[in-house]
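Here's the structure we're looking at; comments come further down.
The values are calculated or read from the model by the stated rules, or taken from the named source; none is laboratory data. Remember, it's a predicted structure, so these values are computed and weren't measured experimentally. No Cβ is skipped: glycine too gets one built from the backbone with ideal geometry, and neighbour counts run over all protein chains shown. Please note that ligands, DNA and RNA were not included when accessible areas were found on the heavy atoms of the full protein model with its side chains. Shrake-Rupley method; radii C 1.70, N 1.55, O 1.52, S 1.80 Å.
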Amino acid sequence: KNMPKTLSEEPKDIVLNKTVVIPSGNNITLDLQAHTISYASNTDATIQIEPGATLTIIDSIEDGTSVITYGAVQNLGGIAIKNNGTLNIGDNTDGTMYRNSPRIIGVEYAVENSADAVFNFYDGILKGITGVYNSIVEPTIPEGYSLQEGTEVINETLTYITKYLVIQ
């Protein structure tokens, strides 16, 4: 029968077959709600932010207590987010920093910034094998915090460089 599905029966992952482009003039907030958006491309990013566009990525399910449930944007072959505009990872208005989510994961980079990009990092964790982000634009972070770098081995074969916020 065609019975309605409950939320718990819905798939949590969204697999893309092309890049999501945020066009100039748009100001978009993407609430992952513990879902993962993924794309496997070594030539295209999962999400591309055009000049004059703003993307804020949050995870409203994150409450600081779970390390199992999290939202992520990932690219299994290249760059997760190509930023030519303004990218906000997390929300700086709630006064709370969550290290677990959102997660931005790229095999090459989590974030690749153009020279004119604005990159604000307020919540979550960034992971990349080549690097976490290219060093053209350093992220702006909240006052009283610093970036901590580490590594994480996944499936015993891939070593990701990680960056996340810690209180100074």
query = Sorted by average packing, counted as other Cβ atoms within 10 angstrom per residue and highest first, what order do 14-24, 112-122 take?
reply = 112-122, 14-24
query = Using a 1.4 Å probe on the protein chains only, how many percent of the accessible area of the chain belongs to carbon and sulfur?
reply = 49
ask   = By its C-alpha gyration tensor, with a ≥ b ≥ c as the square roots of the eigenvalues, how is region 28-124 shaped: rounded for a/c under 1.5, else prolate for a/b larger than b/c, else oblate?
value = oblate
query = Taking R0 as 30 Å, what's the FRET efficiency between Ser146 and Thr29 from their Cβ-Cβ distance, rounded to 0.05?
reply = 0.70
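When a/c reaches 1.5 or more, the comparison of a/b and b/c decides; with that in mind, is region 90-168 rounded, prolate or oblate per its Cα gyration tensor?
The shape class here is oblate.
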key: Ranked by how many other beta carbons lie within 10 Å on average, peptides 145-158, 89-102 from highest   = 89-102, 145-158
request  = Express the accessible area of the chain per residue in Å², computed with a 1.4 Å probe while the remaining protein chains stay in the model.
outcome  = 54
